[in-house]
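Trainee: Have a look at this one.
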Amino acid sequence: MNNELIKALKEIETPFYFYDINLLNETLSVVKEAAEKRNFHVHYAYKANYNDVLLQTIKKFGFGADCVSGNEIKKAIEIGVAASKITFAGVGKTEKEIIFALNNEIFAFNVESIEELIVIGELAAKLQLKANIALRINPNVDAQTHHYITTGLDENKFGILPSNIQTCISLVKSNPFLELQGIHFHIGSQILEMNVFKSLCVKVNEWNTWFEERGIYLKTINVGGGLGVDYKNPDTNAITDFETYFAIFEKFLEVRPNQEVHFELGRSLVAQCGSLITSVQYVKSGIKKRFAIVDAGMTELIRPALYQAYHKIEKLSTQALSTSMMYDVVGPICESSDTFAKEIELPELSRGDYLAIRSAGAYGEVMASRYNLRDAIKSYFKMDSTPILATGW
Ligand SMILES: *Cc1c(COP(=O)(O)O)cnc(C)c1O
């Protein structure tokens with residue numbers, strides 16, 4: 001992609017997001033095949049990236065939508081996702097958002113607290129509309145990932161504590177406008193240790209049995225998302241091992257007849273198809289360091305500043321690569337945390353050189369901000385049927 005991309009770069013301003021839609025298509029085919037043969041249902045987590053071109057592509061594969069705001073539900077409907085494939089999660093659903101979801105008769109509310117369940121129940125009764133409820137249970141499984149993206153421990157704000165589940169059941173039973181459809185789990189993000197998913201299966205099985213023993217039939221088991229990607233090797237490992245991932249659930253989940261298994265994958269579908277393209281403004285020598293100051297910053301990609309996340313950085317060059325040197329790659333924003341990488345080896349850089357910050361398709365563009373009154377970030381796409389850099393459909 002390098003040569004073509006560099007030629008096209010001459011005509012556009014950096015920084016921008018570059019999405020390889022061909023890779024996205026390949027990734028989605030692999031997911032679809034691995035999920036369908038096991039009869040698993042996949043919802044794409046919109047919050048990972050709601051760029052229209054990506055959403056259109058994902059929708060074509062028939063995946064549902066996992067939304068965490070009323071606006072995401074609205075977006076999913078606009079993109080053409082059937083309401084019967086839309087789930088709504090989040091700890092702070094507002095009345096306006098709940099009403100919007102009720103009116104659109106979405107597939108399920110993933111409920112995160114007793115308090116929220118009461119409000120959904122009241123609004124559903126008032127509007128005389130049925131709300132399908134999936135209780136998000138906090139399974140207390142350690143995702144073994146960064147503490148900011150761990151969500152399934154007792155100390156996190158997400159999910160309902162096991163001791164409160166009985167109360168939730170009583171609430172649902174007492175309100176004809178609430179229907180208990182299933183249970184929901186989501187334990188964290190960027191999980192690469194497959195044993196974590198095995199532990200999750202064990203917990204889910206316990207809960208499945210627990211409900212069964214109380215005579216409650218659960219139609220859906222939603223195990224959330226969280227599957228990680230290889231940030232170190234975006235080329236050799238461009239598509240996550242979905243086969244192994246789904247096989248774990250197939251092997252360890254004890255699914256009852258007619259029970260549906262749902263997944264909510266975000267990062268693993270879109271991370272590798274996106275890069276943030278930036279150009280070197282200045283190469284500045286410090287006392288012990290050399291800084292490559294680029295025109296993208298934490299305003300375009302906040303993950304390194306927010307979670308010390310690693311993103312591979314490459315020089316885009318048509319020439320044979322020259323001797324390499326050590327650089328800190330930093331942005332222009334007035335914050336010391338505005339650093340993409342420290343002490344990394346790159347071919348010698350000079351003003352005007354282009355860099356690709358890889359694996360930036362998830363939690364990149366969607367977290368962009370206008371801090372420092374930055375320009376809104378643009379995106380370009382590579383697709384089979386178009387020139388290398390298309391601005392959209
Ligand atoms: C963020 C989120 C997801 C997606 O997580 P990934 O790590 O991107 O796969 C799924 N479900 C819920 C409830 C979420 O909040």
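The values are calculated or read from the model by the stated rules, or taken from the named source; none is laboratory data. What you see is a predicted model, and the numbers here were worked out from it, not measured in a lab. Note that each Cβ is placed from the backbone with ideal geometry, even for glycine, and that neighbours are counted across all protein chains shown. For the accessible areas, the whole protein counts, side chains as well, though only heavy atoms, and no ligand, DNA or RNA atoms are used. Shrake-Rupley method; radii C 1.70, N 1.55, O 1.52, S 1.80 Å.
Trainee: Give me the accessible area of Lys382, 1.4 Å probe, in Å² rounded to the nearest 10.
Mentor: 40 Å²
Trainee: Also, I was wondering about something else. If I take all pairs of Cα atoms in segment 103-235, what percentage of them are more than 24 Å from each other? Before the final figure, lay out each step's value.
Mentor: Values: 2940 of 8778 pairs.
Roughly 33 percent, once rounded to a whole number.
Trainee: Multiply the residue separation of Glu179 and Ser322 by 0.36 nm, subtract the distance between their alpha-carbon atoms, and state the gained length in nm to one decimal. Write out the running numbers ahead of the final one.
Mentor: Values: separation 143, 0.36 × 143 = 51.48 nm, distance 6.41 nm.
Computed gain between Glu179 and Ser322 is 45.1 nm.
Trainee: Follow-up. In percent, how large is the relative contact order of segment 38-265, given Cα pairs closer than 8 Å and 6 or more residues apart?
Mentor: Numbers: 418 pairs, mean separation 43.4, N = 228.
Normalised by residue count, the contact order of segment 38-265 is 19 percent.
Trainee: OK, next. Compute the distance in nm between two label points, each set 7 Å from the Cα along the Cα-to-Cβ direction, one at Asp375 and one at Lys284.
Mentor: 2.1 nm
Trainee: With θ taken as phi - 60° and the coefficients 6.51, -1.76 and 1.60, list the Karplus ³J(HN,Hα) couplings across segment 248-264 in order, rounded to whole Hz; mark glycine and proline as x.
Mentor: For segment 248-264, the Karplus curve yields 4, 5, 4, 6, 9, 7, 9, 8, 7, x, 6, 7, 9, 10, 10, 10, 10 Hz.
Trainee: Let me ask something else about it. Could you do me a favour and compute the accessible area per residue for the chain, 1.4 Å probe, result in Å²?
Mentor: Details: 17470 Å² over 393 residues.
With all protein chains present, the chain gives 44 Å² per residue.
Trainee: Rank these by accessible area, largest first, 1.4 Å probe: His186, His311, His41.
Mentor: Sorted descending by solvent-accessible area, the residues read His41, His186, His311.
Trainee: Please give the charge dipole size of the chain, origin at the Cα centre, charges +1 on K and R Cβ atoms and -1 on D and E Cβ atoms. Round to the nearest 20 debye. Present the calculation step by step, with values, prior to reporting the outcome.
Mentor: Details: 40 positive and 47 negative charges, 60 e Å.
About 300 debye.
Trainee: First measure r as the distance between the Cβ atoms of Val366 and Asn164, then evaluate 1/(1 + (r/R0)^6) with R0 = 35 Å and state the FRET efficiency to the nearest 0.05. List each step's numbers first, then the result.
Mentor: Working: r = 31 Å, r/R0 = 0.90.
Once the sixth-power term is evaluated, E becomes 0.65.
Trainee: In the chain, carbon and sulfur make up what percent of the accessible area (probe 1.4 Å)?
Mentor: Working: 8700 of 17470 Å².
Here it works out to 50 percent.
Trainee: While we're looking at this one, here's another question. In bins 5 Å wide, starting from 0, what share of all Cα pairs of segment 38-265 does each bin hold, as a percent?
Mentor: 1, 7, 15, 19, 21, 18, 12, 5, 2, 1, 0
Trainee: Give, rounded to the nearest 20 debye, the magnitude of the charge dipole that segment 209-283 has about its Cα centre when Lys and Arg contribute +1 at Cβ and Asp and Glu contribute -1 at Cβ.
Mentor: Details: 6 positive and 10 negative charges, 37 e Å.
Rounded to the nearest 20 debye, it is 180 debye.
Trainee: Another one. Roughly how much of Glu212 is accessible, in Å² to the nearest 10, using a 1.4 Å probe?
Mentor: 100 Å²
Trainee: By its C-alpha gyration tensor, with a ≥ b ≥ c as the square roots of the eigenvalues, how is segment 1-144 shaped: rounded for a/c under 1.5, else prolate for a/b larger than b/c, else oblate? Could you put the intermediate results ahead of the total?
Mentor: Details: a/c = 2.24, a/b = 1.91, b/c = 1.17.
Prolate, since a/c reaches 1.5 and a/b exceeds b/c.
Trainee: Please report the relative contact order for the chain, taking Cα pairs under 8 Å with a sequence separation of at least 6, and give it as a percent rounded to a whole number.
Mentor: Numbers: 832 pairs, mean separation 77.9, N = 393.
This gives 20 percent for the chain.
Trainee: Please report the spacing between the Cα centers of segment 210-285 and segment 155-178 in Å, no decimals.
Mentor: Distance between centres, Cα-based: 26 Å.
Trainee: Using only helices, what value at 222 nm comes out for the chain when you add -39,500 (n - 2.57) per DSSP H run of length 4 or more and divide by the total residues, to the nearest 500 deg cm²/dmol? Could you put the intermediate results ahead of the total?
Mentor: Values: 11 runs with 115 residues, N = 393.
Roughly -8500 deg cm²/dmol at 222 nm, from the helical runs in the chain.
Trainee: Across the Cα atoms of the chain, what radius of gyration and what greatest pairwise Cα-Cα distance (Dmax) are found, in Å?
Mentor: 22.4, 72
Trainee: For helix 194-213, report the angle its Cα long axis makes with the longest principal axis of the Cα atoms of the chain; keep it between 0 and 90° and round to the nearest 10°.
Mentor: For helix 194-213, the angle is close to 20 degrees.
Trainee: So if I place +1 on the C-beta of Lys and Arg and -1 on the C-beta of Asp and Glu, and nothing else carries charge, what would the dipole magnitude of segment 320-372 be about its Cα centre? I want it in debye, nearest 20.
Mentor: Charge dipole of segment 320-372: 160 debye, to the nearest 20.
Trainee: What residue among Asn110, His43, Phe177 has its Cα farthest toward the positive end of the dipole of segment 38-265, where the charges are +1 on Lys, Arg and -1 on Asp, Glu, each on the Cβ?
Mentor: Phe177
Trainee: Follow-up. Once both labels are modelled 7 Å past Cα along the beta-carbon direction, what's the Ser29-Ser336 spacing in nm?
Mentor: Distance between the two pseudo-spin positions: 4.9 nm.
Trainee: Compute the relative contact order of segment 238-349 as a whole-number percentage, counting only Cα pairs closer than 8 Å that sit 6 or more residues apart in sequence.
Mentor: Numbers: 136 pairs, mean separation 24.4, N = 112.
Relative contact order of segment 238-349: 22 percent.
Trainee: Rank these residues by their accessible area, most exposed first, probe 1.4 Å: Thr27, Thr339. Spell out each step's value before the answer.
Mentor: Numbers: Thr27 5, Thr339 30 Å².
Reading off the accessible areas and sorting them downward yields Thr339, Thr27.
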